[in-house]
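Undergrad: Have a look at this one.
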Amino acid sequence: FPSASLMVGPMFRLLDVPGALALRTAPEDVALTATLRVRDEDLPENEGPWRLRVEGGRMHAERAPGGAASGPVLALPVRTLSRIFVGAVAPSQAVATGHAAVDAPPALEMLDRAFRVPRPWTFERF
């Protein structure tokens with residue numbers, strides 16, 4: 001009796017790419033501009049390209065003017081961006097496993113730093 005499905009990653013999905021990124025913090029010393037080419041088959045308003053700016057410990061995303069890229073381009077489906085957003089996977093890991101593509105691999109180190117979140121801690125061990 002097929003009662004369960006094996007799922008990969010957390011059960012989390014971004015519904016508003018620029019709104020969610022505006023809520024994220026980033027390390028104060030990270031400053032970068034990049035383009036996120038987001039694919040979202042279910043919510044066309046999430047489709048990229050988005051110009052991502054990280055500065056002053058904050059993130060900001062806006063539609064890329066005329067679709068033009070600014071800085072390195074990270075192309076990925078919204079499900080992968082959702083996992084990056086919550087810290088389940090780093091951008092470099094997403095690229096290494098074929099879940100994302102980047103046109104400038106040296107930029108991955110800075111993207112990893114921008115999206116890094118503190119490691120979770122719980123009283124209980126799992």
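The values are calculated or read from the model by the stated rules, or taken from the named source; none is laboratory data. In this text, all values refer to a predicted model and were calculated from it rather than measured experimentally. Here the Cβ is made from the backbone with ideal geometry for all residues, glycine too, and neighbour counts use every protein chain on show. These area figures cover heavy atoms from the full protein model, side chains too; ligands, DNA and RNA do not enter into them. Shrake-Rupley method; radii C 1.70, N 1.55, O 1.52, S 1.80 Å.
Undergrad: Can you confirm whether region 89-103 contains a residue that is crowded, with 16+ Cβ neighbours inside 10 Å, assigned to a helix (DSSP H, G or I) and over 12 Å from the mean Cα position of the chain (by Cα)?
TA: no
Undergrad: If we scan region 9-19, do we find a residue that is in a loop (DSSP other than H, G, I, E, B) and among the β-branched types (Val, Ile, Thr)?
TA: Checking region 9-19: not a single residue is in a loop (DSSP other than H, G, I, E, B) and among the β-branched types (Val, Ile, Thr).
Undergrad: For region 29-72, enumerate the residues that are part of a loop (DSSP other than H, G, I, E, B), open to solvent by 50 Å² or more (accessible area, probe 1.4 Å) and closer than 14 Å to residue 112 by Cα.
TA: 29, 31
Undergrad: Sticking with this one: Among (1) touching a Ser or Thr at 6+ places or on another chain (Cβ under 8 Å); (2) aliphatic (A, V, I, L, M); (3) open to solvent by less than 30 Å² (accessible area, probe 1.4 Å), there is one condition residue 20 misses while meeting the rest; what is its number?
TA: In the conditions (1) touching a Ser or Thr at 6+ places or on another chain (Cβ under 8 Å); (2) aliphatic (A, V, I, L, M); (3) open to solvent by less than 30 Å² (accessible area, probe 1.4 Å), residue 20 misses (1) alone.
Undergrad: Another question about this same structure. Somewhere in region 105-119, is a residue more than 11 Å from residue 35 (Cβ to Cβ), touching a residue at least 12 places away in the same chain (Cβ under 8 Å), out of contact with any Ser or Thr (no Cβ under 6 Å at 6 or more places or on another chain) and assigned to a strand (DSSP E or B)?
TA: No, the conditions are met nowhere in region 105-119.
Undergrad: Kindly indicate which of 75, 34 is in contact (Cβ under 8 Å) with a residue 40 or more places away in the chain and touching a strand residue (DSSP E or B) at 6+ places or on another chain (Cβ under 8 Å).
TA: Of the residues listed, the single one that is in contact (Cβ under 8 Å) with a residue 40 or more places away in the chain and touching a strand residue (DSSP E or B) at 6+ places or on another chain (Cβ under 8 Å) is 34.
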